[in-house]
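J.: Structure in structure tokens, see below.
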Amino acid sequence: MTPEPDDRRAALLASKLRLLAAERWELGADARPGGFPKGATLVDPTARRAWVLVEGDAERRLGGALAVSLRAGVEELHVIVDDPVAAGIVARRASAFRFPVHVWRTEGRELVAVAPAATAADPAPAPEAELYRPVLRAADLEPVVEGGHLVGELLGLEVARVVVADDGSAHVEAGVGRFDREVGAMMFAELGETDALARAVDIVRRYRTASAERHPLNHLVPERWLRSVLVARPELVGATSLRSVGSAVPRQSLNGEGVATAVGEDADGRPLVVVCSTGVYLDLVPSAADDRLTHGPDARLVLAVPERDAVPITADLAALLTAPAEIAAIPGDWRAPTGGSA
């Protein structure tokens, strides 16, 4: 039987990883390959060393690589990344851990050590965009800045974005995501900006509730929904105030896994970075450490997850950080208006 394309690709990646590792290290006879999303693993029990090759979405795979190391009981991890930009981000995230992680990029059959990328910035939007902050608030949206863009979120879902043209003029585009905003521009062409925004908010509000029928609008970016709940009820994570901020590695789409981050102060007045996630997202801890580096290197770090998602692997990965992180398990149906309890 001919192997399936995915199986062939996995076999090729496993062979590539073994060749790269064997060029630099002496492998034990019991070194064993394994699977990994968009990559491959190799574990040498004798040397207590693991390698992980990552080809795609590498900047969000360090958590998975560390999980492989924990399961294998090794003492040293080597992550190999082809993309030099992603490799620098992985190295930056790896520097937050006390577990020995070495990051390499490939040059042919050679491995080159990678230095951590510079700390990521979360730039402010253009002054012209900031003029629209009151407009977003008047539409009952939370203004959020990420990657230099000002957007308006309803329960964590982007409903509007302030767009600054090349000539410096700014306007609000209503809709969920770029393509929806393009459709919205045609649907609401006869309406002014404020009315178009109100129409979009009404449509999203109808579905963005815990009791609504199943619909994409109540399933997209749940971690941002959780963040919006904590911004409204900061006491759930022991904070006196929180505001939403952008992540060191911004989301590229509304689909898939990710984190949502907020900053504020705790009851003792100490700076606080709260990073939200839902489901079992293995890259929560590296992403959170990276966001703390961007927004407050000396701040307390709290990982906020629904109670059902507070799994042991998250605590195990958090324990590997040089500067510890705390886990706040949010009980109950946090999506409900009065969900959760302190």
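J.: With the full set of protein chains in place, find how many percent of the accessible area of the chain is carbon and sulfur; take the probe as 1.4 Å.
T.: Here carbon and sulfur together make up 53 percent of the probe-accessible area.
J.: Ok, one more. Mind putting a number on the dipole of the chain about its Cα centre? Charges go on the C-beta only, +1 for Lys and Arg and -1 for Asp and Glu, and I need it in Debye to the nearest 20.
T.: Working: 37 positive and 49 negative charges, 149 e Å.
For this selection, approximately 720 debye.
J.: Determine, from the Cβ-Cβ distance of Thr322 and Asp30 and an R0 of 25 Å, the FRET efficiency 1/(1 + (r/R0)^6), rounded to the nearest 0.05. Display every interim value, and only then the final one.
T.: On the way: r = 31 Å, r/R0 = 1.26.
It comes to 0.20.
J.: Something else: What whole-number volume per residue, in cubic angstrom, does the convex hull of the C-alpha atoms of the chain give?
T.: Spread over its residues, the Cα hull of the chain gives 172 Å³ apiece.
J.: On to the next question. Got a sec? Charge dipole of the chain, +1 on Cβ for Lys and Arg, -1 for Asp and Glu; which of Leu27, Ala288, Gly56 is way out at the positive end?
T.: Selected residue: Leu27.
J.: Expressed in nm to one decimal, what extension gain is obtained for the pair Glu75 and Ala336 from 0.36 nm per residue of sequence separation less their Cα-Cα distance?
T.: 89.6 nm is the gain from fully extending Glu75 to Ala336.
J.: OK, next. Give the residues of the stretch 35-65 whose amide nitrogen is closer than 18 Å to a point set 7 Å from the Cα of Ser15 in the direction of its Cβ.
T.: Answer for this model: 35-36, 39-42, 53-55.
J.: Okay, next question. Measure off 7 Å from each Cα along the Cα-to-Cβ vector at His171 and Arg214, then give the distance between these two points in nanometres to one decimal.
T.: Result: 3.9 nm between the two label points.
J.: Cut-off 10 angstrom, C-alpha nodes, Gaussian network model of the chain. Which of Ala120, Ala29, Ala72 fluctuates the most?
T.: In the Gaussian network model the winner is Ala29.
J.: Take the chain, connect every pair of alpha-carbon atoms lying under 10 Å apart with a spring to form a Gaussian network, then pick out the residue of Thr46, Thr322, Thr119 with the largest mean-square fluctuation.
T.: Thr46
J.: Report the label-to-label distance for Tyr207 and Thr46 in nanometres (one decimal), using points 7 Å from each Cα along the Cα→Cβ vector.
T.: That separation, rounded to one decimal, is 5.7 nm.
J.: Sticking with this one: Quick one: how many Å² of Arg109 are accessible to a 1.4 Å probe, rounded to 10?
T.: 140
J.: Which value, in Å², gives the accessible area per residue of the chain when a 1.4 Å probe is used on the protein heavy atoms?
T.: 47
J.: Report, in whole Å, the centroid distance computed from the Cα atoms of the stretch 25-63 and the stretch 255-288.
T.: For the stretch 25-63 versus the stretch 255-288, the Cα centre distance is 27 Å.
J.: Note down the magnitude of the dipole of the stretch 32-149 about its Cα centre, charges +1 on Lys and Arg C-beta and -1 on Asp and Glu C-beta and zero elsewhere, to the nearest 20 debye.
T.: Magnitude of the dipole: close to 600 debye.
J.: Put a dot 7 Å past each Cα toward the Cβ at Asp6 and Ser253; how far apart are the dots in nm?
T.: In this crude label model, Ser253 to Asp6 measures out at 1.6 nm.
J.: Evaluate the charge dipole of the stretch 1-95 about its Cα centre and quote only its size in Debye, nearest 20, assuming +1 on the Cβ of each Lys and Arg and -1 on the Cβ of each Asp and Glu.
T.: Taking the Cα centre of the stretch 1-95 as origin, the dipole is about 180 debye.
J.: Can you find, among Val273, Ala329, Gly258, the residue farthest towards the positive end of the dipole of the stretch 210-342? Put +1 on the C-beta of Lys and Arg, -1 on that of Asp and Glu.
T.: Gly258
J.: Considering the Cα trace of the stretch 238-291, what is its radius of gyration and what is Dmax, both in angstroms?
T.: 11.9, 37
The values are calculated or read from the model by the stated rules, or taken from the named source; none is laboratory data. This structure is a prediction, so every number in the text was calculated from the model and none was measured. FYI the Cβ positions are ideal-geometry reconstructions off the backbone, even for glycines, and counts take in every protein chain you see. For the accessible areas, the whole protein counts, side chains as well, though only heavy atoms, and no ligand, DNA or RNA atoms are used. Shrake-Rupley method; radii C 1.70, N 1.55, O 1.52, S 1.80 Å.
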